[in-house]
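Okay, structure first, notes after.
The values are calculated or read from the model by the stated rules, or taken from the named source; none is laboratory data. Computed from a prediction, not measured in an experiment: that's the story for all the values here. Note that we place each Cβ from the backbone using ideal geometry, even for glycine, and neighbour counts take in every protein chain shown.
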Amino acid sequence: MKIIYNISTTAANGGGMERITAEKANYLAEVYGHELIIITTDQGKEPTFYPISPKVRYFDIGLNYHEITKIKNFFYGYYLYRKALIVHRRKLEKILMQEKADIVVSLGRDEKEFLYKIKDGSKKILESHRCLKPRARIEFRQAKSLIMKIKIIYRLIHETRLPKYYDKFILETEEDKLFWKEKKNAMVIPNPLPFNPVEVSTLEYKRVLSVGRISIDKGIDRMLVAWKFVAANFPDWRLSLVGDVVDKQILTQIETLELQNSVEILPPTPKIMEEYLKSSIYVMTSRFEGFGMVLIEAMGCGVPNVSYAFKCGPRDIITDNEDGFLVEEDDAVTFAQKLSLLMQDKKLRKEMGSKAKVNVQRFSVERVMQKWDDLFHELTR
C-alpha cells in the first residue's frame, strides 16, 4: 500500500508533529512494508531533525508559508498566502497524479484547504493536532486587535467545515472528540509512544523536567509561578526546561521571581529520552495542546506527571492520584502542593512511576500503529 503524508517541514527543532510523522512513517515502512512518502512545503535545504528511514521517500515542494506568516500587513499577507496555495495545489496535484497513492494524509497544514479536491483516486485523511475549538476560545480572549479576533473567528468557522470533505477525520483524544459530535467521520487514534525503554528513571534525581517551547502558549509563565512556591522549600532541586526560548519575557520572569539558581534552560535534543531518565518528576502547564506527547514519554520512562487539566490531553493520559496528579488550571497553590508531595516522598514517586510505566502501554507503538493499519485497509477495501 502506498501512503503519503503532507507536512510543512521535518526540520523544526523538537516539534511534536514532526517527530510523530517521522515515527509513524518509519514504522509503516519498516514493520508493515508499506511504501511511504513524505511531502513538505517549507523544508528547503534544512536536514530532518528526527531520523527518517531510507525506505521513506521524500519530496519538498519549495514554498514559503513560514515567511508569509511574518508579514504584518494583513491584506498583503493574505494575498501572498492565496497565491502560494495555488502553486501548492498545482505542484502537489502533479505529484499525486504521478504517484497514485492509496492513502493521502493531511496533518492539518495548508494542503487541507484543497487536498480533498484532488481526484487522484486516493482516500483522503485529515488529522487534527490542535484541539481547535478550545484553542480558538483562548486565542480569541488573548487577541489584542479586531483584525486578530476576526481572523480567529474565520479560521474556526472555516476549519470546522473542512473535515466533512475527508474520508476520515482523526482526533488525538476522546476529550477533543466531544467537540466534534456532529462529524460522523471522526475517530480517535492517539499518538504512539515513541520509545519504551526497559530502563526506567531511578527517580533519585532532584530534578523536575519540562520539554517543549519555552513560551506563553506552553504555560511556562504559570509553571514558574507554581515553582516559586516550591523552590524555597527544596533548594537542592532544579527545574529543567528543555526547548527553544520563544517568548523572551519568560527569561525576565525567571529573574523577577529570583529563580535563576533553581531553573535551567537547555536546548532541544533528539536524545530526549536521556533527559527523562535523568529526572524524577515531569510537569506540564500548557494552555492548550493537541495531545501532550511529553506526558506519555515521561510515563514510558517511569516518571510520574503533575499537570494542569488543560484541553486537550492530560485527562486522556493521566489517571489522577495513580500515575500522576491532575490539577485544575491556574491553581498554582494546589499544583505546588502536589509537586511538593512528590518531591519529598520518594516512596510515592516510585509507586506512581511504576504505575505510569504500566498504564502508558495502552499507547504503545504496536497498539496505536495497528489502529492506523486497520484504518488504511478499511478505507481501501
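The table below gives the values:
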{"item": "Filter result for the condition that a residue is modelled with pLDDT of 85 or more, among the hydroxyl-bearing types (S, T, Y), farther than 14 Å from Y5 by Cα and assigned by TED's automatic domain parsing to the domain that holds T160, over Y81, Y50, Y58", "result": "Y81"}
{"item": "Subset of the stretch 305-328 (residues that are in a loop (DSSP other than H, G, I, E, B) and within 19 Å of the chain's Cα centre (by Cα))", "result": "A309, F310, K311, C312, G313, I318"}
{"item": "Selected residue (only one of Q98, Q43 is assigned to a loop (DSSP other than H, G, I, E, B) and not aliphatic (A, V, I, L, M))", "result": "Q43"}
{"item": "Members of the stretch 157-171 that are within 18 Å of P190 (Cα to Cα) and out of contact with any Ser or Thr (no Cβ under 9 Å at 6 or more places or on another chain)", "result": "K168"}
{"item": "Residues within the stretch 278-301 that are part of a loop (DSSP other than H, G, I, E, B), touching a helix residue (DSSP H, G or I) at 6+ places or on another chain (Cβ under 7 Å) and either of a type in the set (A, V, I, L, M, F, W, C) or over 24 Å from A22 (Cβ atoms) (or both), tallied", "result": "5"}
{"item": "Residue among E175, E182 that is over 23 Å from Y65 (Cβ atoms), outside the structural domain of E274 (by TED's automatic domain parsing) and outside any helix (DSSP H, G or I)", "result": "E182"}
{"item": "All positions within the stretch 244-264 that are farther than 22 Å from L342 by Cα, among the hydrophobic types (A, V, I, L, M, F, W, C) and surrounded by fewer than 19 Cβ atoms within 10 Å (Cβ to Cβ)", "result": "V245, V246, L251, L257"}
{"item": "Some residue of the stretch 303-311 being more than 13 Å from V208 (Cβ to Cβ), crowded, with 21+ Cβ neighbours inside 10 Å and modelled with pLDDT of 95 or more", "result": "yes"}
{"item": "Filtered residues of the stretch 122-178 (kept if within 17 Å of F288 (Cβ to Cβ), more than 19 Å from the chain's Cα centre (by Cα) and either crowded, with 17+ Cβ neighbours inside 10 Å or hydroxyl-bearing (S, T, Y) (or both))", "result": "I152, L156, T160"}
{"item": "Candidates M343, M352, filtered to the one that is crowded, with 23+ Cβ neighbours inside 10 Å and of a type outside the set (K, R)", "result": "M352"}
{"item": "Meets criteria (free of Cβ contacts under 8 Å to residues at least 12 places away in the same chain, within 18 Å of V283 (Cβ to Cβ) and among the aliphatic types (A, V, I, L, M)) for A232", "result": "yes"}
{"item": "So F59, is it part of a loop (DSSP other than H, G, I, E, B), surrounded by 15 or more Cβ atoms within 10 Å (Cβ to Cβ) and either in contact with a helix residue (DSSP H, G or I) (Cβ under 9 Å, 6 or more places away or on another chain) or touching a residue at least 12 places away in the same chain (Cβ under 8 Å) (or both)", "result": "no"}
{"item": "In the stretch 62-95, residue surrounded by the most Cβ atoms within 10 Å (Cβ to Cβ) [restricted to those that are hydroxyl-bearing (S, T, Y) and touching a residue at least 12 places away in the same chain (Cβ under 8 Å)]", "result": "Y65"}
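Yes/no matrix, rows are residues, columns are (1) modelled with pLDDT of 90 or more; (2) out of contact with any Gly (no Cβ under 7 Å at 6 or more places or on another chain); (3) closer than 25 Å to R90 by Cβ; (4) not polar (S, T, N, Q):
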position: K112; (1), (2), (3), (4): yes, yes, yes, yes
position: I118; (1), (2), (3), (4): yes, yes, yes, yes
position: K124; (1), (2), (3), (4): yes, yes, yes, yes
position: R135; (1), (2), (3), (4): no, yes, no, yes
position: I150; (1), (2), (3), (4): no, yes, no, yes
position: D167; (1), (2), (3), (4): yes, yes, yes, yes
position: T173; (1), (2), (3), (4): yes, no, no, no
